[in-house]
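The structure appears right after this line, and notes come after that.
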Amino acid sequence: MPPSNDELATRIRAVVGPVLDEHDVELVEVEVRGARGSRVVAVVGDKDDGLDLDLIADLSRTIGDRLDEDDLIDGKYTLEVSSPGVDRPLRTQQAFRRNIGRDVRVVRNRDAIDRGEKGELTGTLEAVDEDGLTLTVGKDTVVVPHDDVDHGKVVLPW
């Protein structure tokens, strides 16, 4: 039985991760959509100073070559390499760090909510350190431990 798209994404992540590491790019997400012969493989990466078009083109060539060498994908596929859009969820400490000084909405995970914590907080992200995310919410400073965070989003000014 051929692998599911989720299983294929896991295998692709193992191949793509080292390629991105070579370019100091953080792997944000790998998603596989579609069926055999018409799949779309979306690879999202990010770095502190962003991804320019030359880097995306280089990553696309290198990732495509590695995927073809390893013959992970049965049939034709389309490879999409991109940086996260402004509305993409923030899931890693590095992604949050890139947004210090911006207004963010932090969504806590189910465990934190079950303990009675507020499900969402919106404020200015002041710091990201070993204690968690430090937000200014109104006049209060709130630290959200990393283990309590499900994801965040940048609050757009419009």
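The values are calculated or read from the model by the stated rules, or taken from the named source; none is laboratory data. Predicted model, so just to flag it, every value in this text is computed and none were measured. We place every Cβ from the backbone using ideal geometry, glycine too, and count neighbours over all the protein chains shown. These area figures cover heavy atoms from the full protein model, side chains too; ligands, DNA and RNA do not enter into them. Shrake-Rupley method; radii C 1.70, N 1.55, O 1.52, S 1.80 Å.
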Completion exercise
Scanning segment 99-136 residue by residue, those closer than 21 Å to PRO84 by Cβ and polar (S, T, N, Q) turn out to be ASN99, ASN109, THR122, THR124
Exercise for the section: For segment 67-81, enumerate the residues that are of a type outside the set (Ser, Thr, Tyr) and under 21 Å from the mean Cα position of the chain (by Cα). Expected result: LEU67, LEU79, GLU80, VAL81
Exercise for the section: Would you be able to say whether some residue in segment 134-148 is touching a Lys or Arg at 6+ places or on another chain (Cβ under 8 Å) and either among the aromatic types (Phe, Trp, Tyr) or under 17 Å from ARG88 (Cβ atoms) (or both)? Expected result: no
Handout entry: Wholly within segment 63-158, strands (runs of 3 or more DSSP E) carrying at least 3 residues that are open to solvent by 60 Å² or more (accessible area, probe 1.4 Å) and out of contact with any helix residue (DSSP H, G or I) (no Cβ under 6 Å at 6 or more places or on another chain)
Key = 120-129, 140-144
Problem - Set GLY64, GLY75, GLY119: member being under 15 Å from VAL144 (Cβ atoms) and either modelled with pLDDT under 90 or of a type outside the set (A, V, I, L, M, F, W, C) (or both) - result: GLY119
Practice task
Test each condition in (1) within 27 Å of PRO145 (Cβ to Cβ); (2) in contact (Cβ under 8 Å) with a residue 60 or more places away in the chain; (3) open to solvent by 80 Å² or more (accessible area, probe 1.4 Å) for ARG11 and report the one that comes out false.
Solution key: (1)
Problem - Top-ranked residue of segment 14-55 - restricted to ones that are basic (Lys, Arg) and in a strand (DSSP E or B), ranked as least open to solvent (accessible area, probe 1.4 Å) - result: ARG39
